[in-house]
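The values are calculated or read from the model by the stated rules, or taken from the named source; none is laboratory data. This is a predicted model, so every value here is computed, not measured. Neighbour counts are summed over all protein chains in view; Cβ atoms, including those assigned to glycine, are modelled from backbone coordinates with ideal geometry. Just the protein is used for accessible areas: all its heavy atoms, side chains included, with ligands, DNA and RNA removed. Shrake-Rupley method; radii C 1.70, N 1.55, O 1.52, S 1.80 Å.
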Amino acid sequence: MPGFPHAMPLEGFIGGLMIGVAAAIMLLGNGRIAGVSGMFARVLGLSAGGPPWAIALFFTAGLPLGAGIVAASLGVKASFPTSLSLIAVAGLIVGIGTRLGSGCTSGHGVCGLSRLSHRSIAATATFMATGVVTVTIMRLSGVIL
C-alpha cells in the first residue's frame, strides 16, 4: 500500500475488530446502527431521527481525526492522487447514492450483513460489484495502474 509500506494483515485485522466493536457499542448502547451516512446527515440537520446531535458530531468528527492521529503517530504522510475539488464532487455523488440506497457501506456492509438483513445483502452486493467494475474499467483504460 503506497505511503504505508509496513502494512500487515494484523493491522487490517485489528482495524476490523475496532470497527466491529464500535458498531456493537453503538447498537448496544444507543440501539442504533452505526451508519456513517446517517450520522453525517444528522450532523447536517438532514435527518431528525437517530442519536443526539452531539453523539453524531463526535462520531463523524472522530473518523478523520482518529485516522489523522494514527497516521501522524506512525509517520504516514497523506497524499491524494487528484485534486481536492474532484474528491469533494466524488464525495457528494457518494452521499447522494447513500441517501438513495438508505445507507452506506458501514450501515449495510458492517451492521446490516451481521444482522442478515436482505436489503443490506442486496445493497452490499451492488456496491461491491459496482466497485469491482469501476476499478476494472479504470485499470483497463490506464487511469489506475
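Observations on the model:
- In the range 133-142, the residue that is nearest to the chain's Cα centre (by Cα) out of those that are open to solvent by 60 Å² or more (accessible area, probe 1.4 Å) and not aliphatic (A, V, I, L, M) is THR134.
- Across the range 19-38, not a single residue is classified as in contact with a Ser or Thr (Cβ under 7 Å, 6 or more places away or on another chain), farther than 30 Å from ALA122 by Cβ and not in a helix (DSSP H, G or I).
- Residue within the range 42-63 that is open to solvent by 60 Å² or more (accessible area, probe 1.4 Å) and of a type in the set (S, T, N, Q) present: no
- Condition met for SER120 (touching a His at 6+ places or on another chain (Cβ under 6 Å) and of a type in the set (Gly, Ala, Ser)): yes
- When residues of the range 23-37 are limited to those that are under 14 Å from THR105 (Cβ atoms) and open to solvent by 40 Å² or more (accessible area, probe 1.4 Å), the one modelled with the highest pLDDT: VAL36
- Looking only at the range 40-83, residues that are in contact with a helix residue (DSSP H, G or I) (Cβ under 9 Å, 6 or more places away or on another chain), within 22 Å of GLU11 (Cα to Cα) and part of a loop (DSSP other than H, G, I, E, B) come to 4 in all.
- Filtered residues of the range 75-88 (kept if surrounded by fewer than 12 Cβ atoms within 10 Å (Cβ to Cβ) and not charged (D, E, K, R)): GLY75, ALA78, SER79, PHE80, PRO81, THR82, SER83, LEU84, SER85, LEU86, ALA88
- Count - residues of the range 91-115 that are open to solvent by 80 Å² or more (accessible area, probe 1.4 Å) and part of a loop (DSSP other than H, G, I, E, B): 1
- Among the residues of the range 13-22, those identified as open to solvent by less than 50 Å² (accessible area, probe 1.4 Å) and either free of Cβ contacts under 8 Å to residues at least 12 places away in the same chain or basic (Lys, Arg) (or both) are GLY15, GLY16.
For every residue, the table says whether it meets (1) at pLDDT below 80; (2) among the small types (Gly, Ala, Ser); (3) on the phi > 0 side of the Ramachandran plot.
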| site | (1), (2), (3) |
| --- | --- |
| MET39 | no, no, no |
| GLY49 | yes, yes, no |
| ALA56 | no, yes, no |
| LEU84 | no, no, no |
| ALA123 | no, yes, no |
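- Candidate set: the range 108-145, residues that are touching a residue at least 24 places away in the same chain (Cβ under 8 Å) and small (Gly, Ala, Ser); chosen: the one nearest to MET18 (Cα to Cα): SER114
- Tally of residues being more than 16 Å from VAL94 (Cβ to Cβ) and open to solvent by 60 Å² or more (accessible area, probe 1.4 Å) across the range 116-132: 6
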